[in-house]
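The values are calculated or read from the model by the stated rules, or taken from the named source; none is laboratory data. In this text, all values refer to a predicted model and were calculated from it rather than measured experimentally. Here the Cβ is made from the backbone with ideal geometry for all residues, glycine too, and neighbour counts use every protein chain on show. Accessible surface areas use protein heavy atoms only, side chains included; no ligands, DNA or RNA. Shrake-Rupley method; radii C 1.70, N 1.55, O 1.52, S 1.80 Å.
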Amino acid sequence: YLSRLIHFIGVGLLSTSLFGGWLIHNAYLREKNLQAQAQILRVLKPVGLLGPIGLGIMVITGITNIIGLGFTSMGDTISMRWLGEKLTVFLLAAVNGIIFGIRSAKRGKLVVSMVQGNAPADAELQKEKFDKGAKTFFYVQFILFVAILLRSVLKYQ
């Protein structure tokens, strides 16, 4: 039962990262001052770090929960279609989050260089691409998160 409780804590961390990140990102997009945007991105960084922490917790406790159900081989686990589908969507969400984290770090460095006045000539165009990509990330991640939750609840359909 402890593993399930910790698993729910992981779900909480992931949802906090997703929804908190989305709210802070929207504040960033509304702000027109570059220095304020850089400050908002600094605030967003620790919220974004909740995602990988939650992901790690979910992987560890997910494996523990699978073992607790009595499955000892991957063949046993995948025979439960709902679990295989859930793990596939989870993997997609994890990869999406990792790629977004890398791109977010690059966006943060770009905005800081813009504030300092030593940005590349096409910095504004790069920033717009990063911002658009971040917006897409939050929509895709939300859909994947809901799919994972639905697959967890609707195990036998």
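Some observations on this one:
- Complete set of residues in segment 79-102 that are outside any loop (DSSP other than H, G, I, E, B), over 21 Å from the mean Cα position of the chain (by Cα) and loosely packed, with under 14 Cβ neighbours inside 10 Å: ARG81
- When VAL111, VAL115 are checked against the criterion of being more than 26 Å from LEU149 (Cβ to Cβ) and open to solvent by 50 Å² or more (accessible area, probe 1.4 Å), VAL115 stands alone in meeting it.
- Consider segment 103-117 and keep the residues that are assigned to a helix (DSSP H, G or I) and free of Cβ contacts under 8 Å to residues at least 60 places away in the same chain. The one that is farthest from the chain's Cα centre (by Cα) is GLN116.
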